[in-house]
1. If I filter the range 381-389 for residues that are modelled with pLDDT of 75 or more, surrounded by fewer than 18 Cβ atoms within 10 Å (Cβ to Cβ) and not polar (S, T, N, Q), do I get at least one hit?
2. Which residue pairs have Cβ atoms closer than 8 Å, lie 6 or more positions apart in sequence or on different chains, and pair a first residue in the range 80-109 that is within 13 Å of His124 (Cβ to Cβ) with a second residue that is polar (S, T, N, Q) and surrounded by 15 or more Cβ atoms within 10 Å (Cβ to Cβ)?
3. Is it the case that Ala240 is hydrophobic (A, V, I, L, M, F, W, C), within 30 Å of Ile309 (Cα to Cα) and at pLDDT below 70?
4. Counting just the residues of the range 199-209 that are in a helix (DSSP H, G or I) and open to solvent by less than 80 Å² (accessible area, probe 1.4 Å), which one comes out farthest from Trp111 (Cα to Cα)?
5. Pull out all pairs, ordered by first then second residue, where Cβ-Cβ is under 8 Å, the residues are six or more apart or on different chains, the first lies in the range 348-363 and is closer than 14 Å to Ala413 by Cα and open to solvent by 10 Å² or more (accessible area, probe 1.4 Å), and the second is of a type in the set (Ser, Thr, Tyr) and not in a helix (DSSP H, G or I).
6. Are any of the residues in the range 42-58 buried (at least 17 other Cβ atoms within 10 Å of the Cβ), in contact with a helix residue (DSSP H, G or I) (Cβ under 7 Å, 6 or more places away or on another chain) and of a type in the set (Val, Ile, Thr)?
7. Would you say Gln371 is at pLDDT 75 or above, out of contact with any helix residue (DSSP H, G or I) (no Cβ under 7 Å at 6 or more places or on another chain) and open to solvent by 40 Å² or more (accessible area, probe 1.4 Å)?
8. Which residue is farthest from Arg254 (Cα to Cα), if the candidates are limited to the range 302-334 and must be assigned to a helix (DSSP H, G or I) and open to solvent by less than 10 Å² (accessible area, probe 1.4 Å)?
Amino acid sequence: MTPASASTVQGPRALPRHGQRTPRLLLPLVFALIGAALALSFMSIDLAVASALTDADQPASVVWPLVAVVAVVPPTLIGLIPAVRQVEATAVSSLLGTDFGGRLPGPARTWDQRWRSVTWFWGHLTAGAAVGAIVVVATIFGSALAAGPFVLDSGDHILDVGWAEVTHGWRDAVYLVAAAGVLVVAAVALLVVVLVLRSLAPPLLGPSVSERIAELDTQTTQLVERTRLARELHDSVGHALSVVVLQSAAARRRLARDPDGAATSIAAVEDVAKRALTELDEVLGLLRDEDRPAAKRPLHGLDSLESLITAVRGTGLSVETDLRTAGLADVPPVVSREAYRIVQEGLTNAMRHAPGSTVTVRVGRDRDRLQISVANPVDAQSRSWRSREGGGRGITGMRERCRILGGTVTSSASRGTWTLRADLPLPAVKEQM
């Protein structure tokens, strides 16, 4: 499992792709007519209030302000309801085919989102009223023009215009052409309304620029943290497996001639395996649980070097140390973790490529720098020497992480000795007064 495959940020469920790019022709009209129905409902309330006030012989200075309040307040209050944003976004996605970036907006959680939802709700009502008027007018005039040649002679003057005259010839086709023109104009007007709604939906219902930046920042932080945890998993498990392999081989060789030594090797395998399982459980738990905060302290640091070196010595590898840990109490956790991993990687490489040799580990502070070196002899003619000249995958990962911290990691082979060096920045030492 890689960090990229893990879910990043919890949020509303991603939208289905079906029908979003090429929605059916009538679906946008359905959405607009829903707005028309809502607008008609509010208009009915306004007319009822206006009629009641007029029947009560209230002056116009009282009637019209009250009607204006009744016309404005209810839609605004409804638009402020948090769930309206999600309902409208669902309708926009399903009927208008608007894509919100693959993520359906949820309920409004901030006042900025609520006021944008109010603006959209009013836009939906206005567009619905306009569409309703266009449909009614186009239906009446289109039907009247199309029926003109058939009803004008009967005296039913549907079209009360001076030029309306039936010739019972080809000129009567002008009525049908006019009716088609009305339908075309109505269709164009409906298309304009739909396009305006589609253009307004993302900025009003979707996340704002600042919200998008905050979401991307959260995703980036979580991805970086999961990448770090994956590297922790690689480093710890890789080292543990190397120890297990070497100790198992030593136990097999000692089993017949040195049972006590074999038991010691098996005990070391058990101890390393237990620690590896603990680390594995911790890392996998953090990768699986998105709500669980990442560990603030590193799984291992400079204070774990002694136990690491003791475990490595149990494999038969001789380790000489020069650990000048005085003055390292203020080392930041992230630097302490990387220092531990660098020493671990160097010892793991030595166990793989120089078993039975002597490894030298040096860790110390030089003012505002933490300097680390791990050196072991290697046969210049061996294949392992040549394969390590460019650095392995573990060293490449360490270089990337240390570069982020402002440090450097180098590896080189000279005069039969392979040396891994690291230089990491530290906070400046405060001078004693």
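1. Within the range 381-389, none of the residues are modelled with pLDDT of 75 or more, surrounded by fewer than 18 Cβ atoms within 10 Å (Cβ to Cβ) and not polar (S, T, N, Q).
2. Between residues of the range 80-109 that are within 13 Å of His124 (Cβ to Cβ) and residues that are polar (S, T, N, Q) and surrounded by 15 or more Cβ atoms within 10 Å (Cβ to Cβ), the close pairs are Val84/Ser117; Arg85/Gln113; Arg85/Ser117; Glu88/Ser117; Val92/Thr98; Thr98/Gln20.
3. Considered against the rule, which asks whether it is hydrophobic (A, V, I, L, M, F, W, C), within 30 Å of Ile309 (Cα to Cα) and at pLDDT below 70, Ala240 comes out as no.
4. Going through the qualifying residues, I end up with Ser199.
5. Note: pairs meeting the criteria are His353/Ser382.
6. Taking every residue of the range 42-58 in turn, none turns out to be buried (at least 17 other Cβ atoms within 10 Å of the Cβ), in contact with a helix residue (DSSP H, G or I) (Cβ under 7 Å, 6 or more places away or on another chain) and of a type in the set (Val, Ile, Thr).
7. Criteria met by Gln371.
8. In this case the residue turns out to be Leu305.
The values are calculated or read from the model by the stated rules, or taken from the named source; none is laboratory data. Note that the coordinates shown come from a computational prediction; the quantities given were computed from them, not determined experimentally. Note: ideal-geometry Cβ built from the backbone for every residue, glycine included; neighbour counts use all protein chains shown. Surface areas here come from the heavy atoms of the whole protein model, side chains and all, with no ligands, DNA or RNA. Shrake-Rupley method; radii C 1.70, N 1.55, O 1.52, S 1.80 Å.
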